[in-house]
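Please treat every number below as a calculation from the coordinates, not as lab data. Quantities reported herein were computed from a predicted structural model and do not represent experimental measurements. Positions of Cβ are generated from backbone atoms using ideal geometry, with glycine treated the same way; all protein chains shown enter the neighbour counts.
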Amino acid sequence: MEPHVTSETRPSEPDYDSVDDVLTDRPSGAPEVDLSDRYEFFRVIQGYLDDASKVVGLPAHLSEMLAQPKNELIVHFPVRMDDGTMQLFKGYRIQHNNLLGPYKGGLRFHQTVSLDDLKALATMMTWKCALMKIPFGGAKGGVKVDTRALSEDELMRVTRRFTHALGNNIGPNYDIPAPDVGTSGQVMVWIMDTYMNQVGHAAKNAQRAVVTGKTLTCGGSPGREKATAQGVVHCITEWAKDNRFDLEGKTAIIQGFGNVGSFSALLLSKLGVSTIATGDHTGYMRTTEGFNAHKLSEYVKRNGSIAGYEGGKSISREEFFATKADLFIPAALENQIGAAEAKALDVKLIAEGANGPCNPEGEKILVERGIPIIPDVLANSGGVTVSYYEWVQNLRSETWDLDEVDRRLEKTMRDAYQRVFTYAREKDITPRVAAYCLALEHLGQAYAERGIFP
């Protein structure tokens with residue numbers, strides 16, 4: 001079977017949110033649309049839910065409830081562009097579950113944003129928060145837009161207009177967005193400011209916690225920018241400790257060199273691990289000496305991608321996945337590792353910095369080959385963990401120093417890692433299913449104690 005088309009190589013397609021949209025949007029007399037190669041991320045996540053539900057014996061009615069989001073919001077809003085024209089944008093906010101606390105999840109500004117993917121990502125946020133024992137539920141949202149085609153002013157207007165369209169569907173005690181692909185601390189500050197100016201004057205300053213991942217000046221937390229990558233690296237060091245694997249002098253390949261990828265390279269370099277190959281939407285490159293993580297990160301910040309960087313040799317996507325290394329951190333989009341990539345990889349460990357980078361076919365091959373995977377639900381949950389710390393600081397009008405944030409995150413990540421891998425060994429299941437099981441046990445207990453209203 002051929003691997004699924006990846007997000008990097010799949011052709012552009014209409015913004016269909018479901019199979020029904022495809023069929024109803026088909027002109028009369030037109031041929032039927034072949035959906036056999038369409039990657040259904042949400043269905044993949046539901047499959048993991050089904051597997052974990054059987055292991056923990058989750059009641060059927062709870063599995064059914066958790067299989068679908070509570071709320072799916074789609075908004076269309078106009079924005080005036082720099083040339084004076086008006087453009088209509090499509091935005092989403094998916095709220096999966098809020099049993100354990102307010103909805104929590106990132107906002108993705110990307111041209112591939114779709115309802116199916118956001119439902120999958122919102123669901124994953126529920127599992128992450130439950131696994132990490134954070135008092136949040138799961139949500140995800142975004143705007144279908146290519147941010148690289150926008151000026152800064154246009155991006156600001158898209159952000160503010162989207163926030164206005166969401167209205168009271170977000171709030172510091174109801175639904176708390178955060179950065180994701182295509183968004184940043186600056187975008188979060190624009191959201192915060194727009195939201196604060198929509199509430200009553202007396203309550204205005206109490207609304208800073210409406211988003212996390214803000215800049216430090218405007219209420220952000222030290223350590224939040226690197227938090228997702230820091231969580232990944234904590235998991236890698238725990239794995240290395242358990243397997244008596246000395247990280248000093250080892251090598252890594254990193255797919256995606258945005259926030260997570262770049263910080264992963266920087267943090268690994270401090271442990272003596274050199275990044276020898278990387279890539280993003282513009283292509284891939286490799287160097288036998290290892291990249292200078294600081295220089296490459298600064299270059300990407302200035303130029304928006306690795307394109308044109310002179311510190312490495314350009315290689316193909318296939319050559320990237322065939323590069324021999326000790327560690328692999330996929331930190332791009334979902335569905336990047338199918339059968340072909342799984343067969344080509346020559347690494348000792350995969351730590352998923354991105355959400356859903358392995359499709360089931362690819363993961364099956366990796367498991368058969370004995371290549372361990374630290375799953376996304378565990379590995380990249382450092383971001384939501386420090387988002388929780390930021391939220392608490394905002395509500396308490398406190399500021400914690402970086403040492404305090406790092407200390408708390410390290411303890412939380414190490415505890416979660418040990419719980420997941422111990423459970424996986426005891427039940428003879430994959431760490432991914434084990435992470436889902438632990439999340440479901442936590443949610444199941446909460447449902448058992450609270451009951452179903454009325």
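Checking (i) 163; (ii) 132; (iii) 148 against volume of the Cα convex hull per residue in Å³ calculated from these atoms, the matching label is (i). Other residues with beta-carbon under 15 Å from the beta-carbon of VAL367 carry, at +1 per Lys or Arg and -1 per Asp or Glu, a net charge of 0.
In this simple spin-label model, placing a label point 7 Å from the Cα along the Cα-to-Cβ direction at both LYS204 and ARG396 gives a separation of 2.7 nm.
If you place +1 on the Cβ of every Lys and Arg, -1 on the Cβ of every Asp and Glu, and leave all else neutral, what size is the dipole of the chain about its Cα centre, to the nearest 20 Debye? Each step should come with its number before you reach the end.
Numbers: 50 positive and 59 negative charges, 240 e Å.
The calculation lands at about 1160 debye.
Note on HIS76 and HIS164: their simple-model spin labels are 1.8 nm apart, each label 7 Å out from Cα toward Cβ. Once the C-beta distance of ARG414 and GLU319 is scaled by a Förster radius of 35 Å, the resulting FRET efficiency is 0.50 to the nearest 0.05.
Normalised by the number of residues in the chain, what is the relative contact order in percent for Cα pairs under 8 Å and 6+ residues apart?
Details: 866 pairs, mean separation 72.9, N = 454.
Computed value for the chain: 16 percent relative contact order.
Toward the positive end of the charge dipole of the stretch 113-214, about the Cα centre and with charges on Cβ (Lys, Arg +1; Asp, Glu -1), which of GLY141, ALA130, VAL199 goes farthest? Of the candidates, ALA130 comes out farthest on the positive side.
The stretch 375-405 to the stretch 195-245: how many Å between their Cα centroids? The stretch 375-405 and the stretch 195-245 have Cα centres separated by 5 Å. Counting only Cα atoms, the size of the stretch 62-205 along its three principal axes is 51, 39, 22 Å, in decreasing order. Applied to the stretch 241-250, the Karplus parametrisation 6.51 cos²θ - 1.76 cosθ + 1.60 on θ = phi - 60° returns per-residue 3J(HN,Hα) values of 5, 5, 9, 6, 10, 6, 6, 4, x, 8 Hz, with x for Gly and Pro. Each label point was placed 7 Å from the Cα along the Cα-to-Cβ direction; for ASP242 and LYS343 their separation is 3.0 nm. I'd like to know which of GLY231, PHE291, GLY362 lies farthest towards the positive end of the charge dipole of the stretch 227-379, counting +1 on Cβ of Lys and Arg and -1 on Cβ of Asp and Glu. Of the listed residues, the answer is PHE291. Kirkwood hydrodynamic radius of the stretch 149-198 from all distinct Cα pairs, in Å? One decimal place: 11.2 Å for the Kirkwood radius. Database remark: amide H of ARG108 closer than 5 angstrom to the amide H of GLY141, GLY142, VAL143 (H placed geometrically; neighbours at sequence offset of 5 or more, or on other chains; Pro and chain starts carry no H). Couplings for the stretch 444-450, taken from phi via the Karplus curve 6.51 cos²θ - 1.76 cosθ + 1.60 with θ = phi - 60°, read x, 5, 5, 5, 4, 7, 8 Hz in order; Gly and Pro are left as x.
Sequentially through the stretch 341-350, phi angles give Karplus couplings (6.51, -1.76, 1.60; θ = phi - 60°) of 5, 5, 6, 7, 4, 10, 9, 9, 7, 10 Hz, Gly and Pro residues having no value and appearing as x.
Hey, with R₀ at 56 Å, roughly what FRET efficiency would PHE453 and MET86 work out to, going by the Cβ-Cβ distance, to 0.05?
The calculated FRET efficiency here is 0.80.
Computing FRET efficiency as 1/(1 + (r/R0)^6) for GLN186 and ARG302, where r is the C-beta to C-beta distance and R0 is 22 Å, gives about 0.90. Once you order the gyration tensor axes a ≥ b ≥ c over the Cα atoms, which shape class does the stretch 277-420 get: rounded for a/c under 1.5, otherwise prolate or oblate by comparing a/b with b/c? Oblate shape, in that a/c is at least 1.5 and b/c is the bigger or equal ratio.
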